[in-house]
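First the structure, in the form of structure tokens, and then the observations on it.
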Amino acid sequence: MMRIKPPSSGNRTNPPVNWSDKILRECIGEEPPPCQAACPLDIRVREKLRLMQQGKLPEALAVVLERCPFPGILGRICTHPCEAACTRNSLDQPIAVAGLKRYLADLAPDAGLNVAPGLDRPQPVAVVGGGPAGLMAAYELRRFGYPVTLFEAEPFLGGALRLYIPPYRLPREVLEREVSVVEKLGATVRLRTRLGRDIHLEDLRRDFAAVFLALGAHKGLSLQIPGANLNGVRNGLSFLMAVNEGTPPPVGRRVAVIGGGKAALDAALSAWRAGAEEVHLLYPRTADLMPAPASEVEEARREGVQFHFLTQPVRLLGEDRVRGLVAQKTELGEPAASGRSCPMPVPGSEFTLEVDTVIPAVGQTADFAFFGPGLAFDTATIFKLESDPVTLATRIPGVFAGGDLVTGPQSAVDAFAAGRRAALAIHCSLQGEPLPRELPPLTSRGTNLIVDTSGVGITSRQPMPDLSLEARRVQPDAEVELGFTDASARAEADRCLACACSQCVKHCTFLQYYVQEFPGTEKGLVRLLAERGPADPLIPYSCHYCGLCQAVCPQDLHAGRPCLSAREALVARGQGPLPPHKGIQNFVKWGASPTFALSRPDPATGKAARVFFPGCSLAGHASEVVKAAYAHLRRKLPDTGIMLNCCGAPSYFMGERDVMLRIIDKVGAEMAKLGAREVIVACTHCYQTFQEFLPEVKTRTIYEVLNEVGLPEGASSPAAAIFNIQDACGARQAPQIHDAVRRLVADLGYEVEEMAHNRERSICCGSGGMVPAVAPEMAKKMTDFRLSEAIRDLVTYCASCRARLAKAGHPTLHVLDLPFNPAWQQTKTQPPPHSLIRWWRRWRLKRYFGKL
């Protein structure tokens with residue numbers, strides 16, 4: 001992540017950016033992880049798996065139950081879009097989210113039944129249809145407290161879950177236990193009650209405050225080819241119904257299934273269990289375009305299903321009963337309006353399959369015969385019931401609809417999601433309230449979250465134990481997937497990356513201390529500053545303002561900016577800087593005073609085309625180096641003047657922006673007086689300040705200039721040495737300075753070994769932001785963090801960094817020591833001089849330059 005120009009914090013002509021608002025608007029740290037975003041029920045998958053990693057299994061199940069009261073069902077039959085979105089897909093294999101949901105549900109099978117209805121409300125609501133959408137709607141409406149009557153045409157609840165999903169995928173005891181939660185919540189259930197026969201829509205509208213239609217899509221589409229009416233052709237839905245009723249029809253030796261969805265796969269596997277020796281599945285598109293999950297396709301291959309992709313039936317053979325099927329190869333043409341590529345027949349590619357049974361599973365629709373007269377629906381042409389995409393309200397007042405009735409055949413999790421949305425919409429309608437801005441999703445959605453997977457190890461997905469192929473034939477209703485063991489469930493949960501964007505917190509000691517919630521984000525800091533900042537000024541003053549957060553943020557956001565704004569607000573109210581900052585205020589005041597400040601042209605020429613501005617710290621810490629460096633500049637660049645002064649950066653960091661502006665204005669006036677149009681700085685904070693607040697002056701660092709004019713004669717050393725480089729925070733967004741310093745070290749004959757955090761991602765040494773004066777423990781943690789990566793002697797180009805790291809006991813040099821300090825081998829282990837010595841050196845340095 002390389003940036004050249006820092007984002008403006010507001011100079012004298014442009015209004016400052018409101019960084020608090022910007023962070024709240026643009027920070028992606030609280031975006032849902034990909035798994036949750038893909039889940040139509042918005043299950044907090046990441047939190048579930050984090051709790052499992054901690055061994056908190058009841059708490060993990062509670063996370064599932066808050067949005068999915070049917071975990072045993074969905075843990076077995078969900079199409080798990082969460083797994084398709086899992087970040088681990090780009091590394092190895094996705095987390096077995098559905099299998100872990102099932103594991104939790106099986107540990108405490110009755111946990112979801114321990115739920116209470118809401119406070120009683122007077123408006124009764126009718127739910128028509130006992131499938132996934134109707135069950136979820138009834139559940140949520142009872143949680144709101146409404147009297148609910150659920151009407152179901154069949155003698156049992158479950159709808160498509162019971163009618164079409166075989167027991168080997170969804171055991172009936174699991175289904176019956178979990179759907180019973182609706183009655184346990186107090187809903188009235190009327191079975192064997194069909195809309196349009198036993199009850200009528202107009203009656204429901206009269207007797208109930210609202211009606212939710214969740215009738216599903218139970219009419220299977222037939223093949224539109226010759227021979228489709230022969231005996232032995234059995235619609236996929238009716239075939240699965242017969243299987244689930246325990247009366248599978250005879251299928252013969254060879255079966256052909258037409259389709260590519262889950263119903264087609266279930267029909268194929270059920271035909272195999274019913275005794276078929278060969279099962280062929282024909283699909284006119286490629287394998288990757290099949291609606292059925294790839295994992296289930298592979299499982300069907302294991303059971304012997306033969307797949308014929310890019311193949312479609314042309315006609316069925318036989319006189320009274322089907323004897324064969326003529327198929328034709330296809331190729332993908334242009335996408336249709338739906339976005340799916342249309343299969344096109346390949347001329348001359350026909351072939352014949354001998355079959356005894358053909359099971360079309362090519363789609364389904366709803367039966368709209370329940371509409372009575374006068375409701376303005378043409379039931380001969382309707383394929384999907386129209387409802388508002390947000391509220392699920394139909395054109396009939398008080399009537400809502402959702403699930404497969406509206407969308408066409410979708411997955412069970414989509415239908416459950418529609419039931420939840422419908423319940424909320426009905427509740428808001430009956431209470432006369434607007435829908436909330438954040439609505440339960442109806443389907444998978446995207447996320448703006450960016451997940452850093454660098455350094456993540458490769459791990460294998462835990463295999464799900466299953467029933468042997470022999471046992472499946474002997475026990476056709478026995479559940480195939482046997483579930484995770486305790487050990488395998490924990491191992492699989494441990495693979496979760498807990499996807500979040502917490503790069504700023506991960507790299508910042510300050511944010512780690514103050515932002516406690518997960519995931520930690522800059523938004524959390526902004527909220528904390530709003531809640532506690534004015535009363536607890538130590539919070540904003542504990543930020544080092546180093547900018548590492550911005551360097552690692554994929555959105556280029558700077559947590560230090562709102563802290564700086566908070567400091568400026570405290571100063572405006574007379575509450576800042578804090579009392580311990582008094583010494584820094586005096587440091588700036590005296591550093592910019594005539595006692596220590598100096599402006600002179602080149603003493604040899606009396607001109608100043610440019611000036612050398614060593615800054616406050618270097619002048620006090622290494623005055624002899626300043627002398628030698630200036631002498632070299634004068635030799636290489638005649639007409640170079642000298643300025644000893646403060647740029648005002650410490651005042652800026654403390655929130656005293658006006659003080660900094662007064663100082664930089666005086667510096668600018670002095671440069672104009674000298675006639676200088678360029679400044680050569682040694683301090684990167686000076687560089688930053690000049691760039692932003694004195695942009696009319698050309699600013700470069702001495703390190704870049706030395707790359708151009710060359711080093712002093714004899715500066716190179718034959719002695720081998722390897723250094724780590726501590727990049728200064730002030731140069732974080734200036735890669736040309738990083739490069740210049742490294743070239744200097746190389747030109748002097750030394751090697752550089754980079755630390756993990758370097759260049760724009762360098763760690764603050766702990767002296768930045770004027771923090772040590774008010775939060776010394778925080779500053780020490782930052783210093784320790786920096787030194788944790790330093791295995792070599794350090795070279796830096798910030799005098800404050802050198803002082804801080806040397807004081808902590810690590811051998812550290814300023815890079816100008818190498819060419820301009822012959823005794824640098826001794827200097828690197830010396831602690832920084834006392835402040836009084838630094839003032840004395842600065843005073844003497846002024847006198848020295850004044851006498852040149």
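The values are calculated or read from the model by the stated rules, or taken from the named source; none is laboratory data. Just so you know, these numbers come straight off a predicted model, no measurement behind them. Cβ sites come from the backbone with ideal geometry, for glycine too, and all protein chains shown count toward neighbours. The protein model used for the area step is the full one, side chains on, heavy atoms only, and it has no ligands, DNA or RNA in it. Shrake-Rupley method; radii C 1.70, N 1.55, O 1.52, S 1.80 Å.
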**Complete:** the stretch 128-241: spread of alpha-carbon positions along the three principal axes, whole Å, largest first, is 53, 35, 18
**Request:** Report the convex hull volume per residue for the stretch 323-463, counting only C-alpha atoms, in Å³.
**Result:** 280
**Surface share of carbon and sulfur [accessible, 1.4 angstrom probe, percent] for the stretch 65-135** = 54
**Item:** the stretch 667-818 - percent of accessible surface contributed by carbon and sulfur, probe 1.4 Å
**Value:** 50
**Request:** Per residue, how big is the convex hull around the C-alpha atoms of the chain? Give it to me in cubic angstrom, could you?
**Result:** 218
**1.4 Å probe accessible area per residue over the stretch 124-199, in Å²** = 30
**Asked** Using just the C-alpha positions of the stretch 529-640 as equal point scatterers, what log10 of I(q)/I(0) does the Debye formula give at each q in 0.13, 0.17, 0.22 1/Å?
**Response** -0.76, -0.93, -1.12
**Fill in**
Applying the gyration tensor rule to the Cα atoms of the stretch 392-497 (axes a ≥ b ≥ c; rounded if a/c under 1.5, else prolate if a/b exceeds b/c, else oblate), the class is oblate
**Complete:** the stretch 720-777, Kirkwood Rh and Cα Rg, ratio Rg/Rh at 1.06
**Request:** Express in whole angstrom the spacing between the alpha-carbon centres of the stretch 561-586 and the stretch 199-218.
**Result:** 66
**Prompt:** Using 7 Å Cα-to-Cβ label points, what is the Ala572/Leu113 separation (nm, one decimal)?
**Reply:** 6.2
**Request:** Relative to the compact-globule scaling 2.2 N^0.38 Å, provide the ratio for the alpha-carbon radius of gyration of the stretch 700-852.
**Result:** 1.06
**Message:** For the stretch 763-843, what does the accessible surface come to per residue with a 1.4 Å probe? Please give it in Å².
**Reply:** 42
**Complete:** Most packed first (mean Cβ within 10 Å per residue), the peptides 405-412, 263-270 order as 263-270, 405-412
**Message:** Students often get this wrong: which residues of the stretch 396-431 have the backbone nitrogen under 15 Å from the point 7 angstrom along Cα-to-C-beta of Ala84?
**Reply:** 409-415
**Prompt:** Given a Förster distance of 51 angstrom, what is the FRET efficiency for Lys780 paired with Glu713, based on the Cβ-Cβ distance and rounded to 0.05?
**Reply:** 0.75
**Request:** At 1.4 Å probe size, with every protein chain present, just tell me what the per residue accessible area of the stretch 609-753 comes to in Å².
**Result:** 34
**Request:** May I ask you to order 752-761, 24-33, 572-581 by the average number of other C-beta atoms within 10 Å around their residues, highest value first?
**Result:** 24-33, 752-761, 572-581
**Fill in**
With a 1.4 angstrom probe the carbon and sulfur portion of accessible area for the stretch 413-532, in percent, totals 51
**Asked** Mean projection of the alpha-carbon convex hull of the stretch 274-336 over all orientations, in nm²?
**Response** 5.8
**Fill in**
Here, Leu435 and Ser788, labelled 7 Å along Cα→Cβ, have an inter-label distance in nm of 4.7
**Message:** Suppose we take every Cα in the stretch 508-549 and form the convex hull; what volume per residue is that in Å³?
**Reply:** 67
**Message:** For the stretch 180-291, place one equal point scatterer on every Cα, skip the solvent, and apply the Debye formula. What is log10 of I(q)/I(0) at q = 0.11, 0.12, 0.15, 0.23 Å⁻¹?
**Reply:** -0.57, -0.65, -0.84, -1.32
**Ratio Rg/Rh [Cα only; Rh per Kirkwood] for the stretch 78-131** = 1.20
**Request:** Based on the mean of other Cβ atoms within 10 Å per residue, sort peptides 62-75, 438-451 so the most packed one is first.
**Result:** 62-75, 438-451
**Prompt:** Of Leu191, Thr783, Ser429, which is farthest along the charge dipole of the chain in the positive direction, counting Lys and Arg as +1 and Asp and Glu as -1 at C-beta?
**Reply:** Thr783
**Item:** Kyte-Doolittle at least 0.0, axis length at least 27 Å by Cα - qualifying DSSP helices, the chain
**Value:** 412-431
**Request:** Return P(r) of the stretch 641-776 (all Cα-Cα pairs; 10 Å bins starting at 0; whole %; ordered from short to long distances).
**Result:** 11, 35, 33, 18, 3
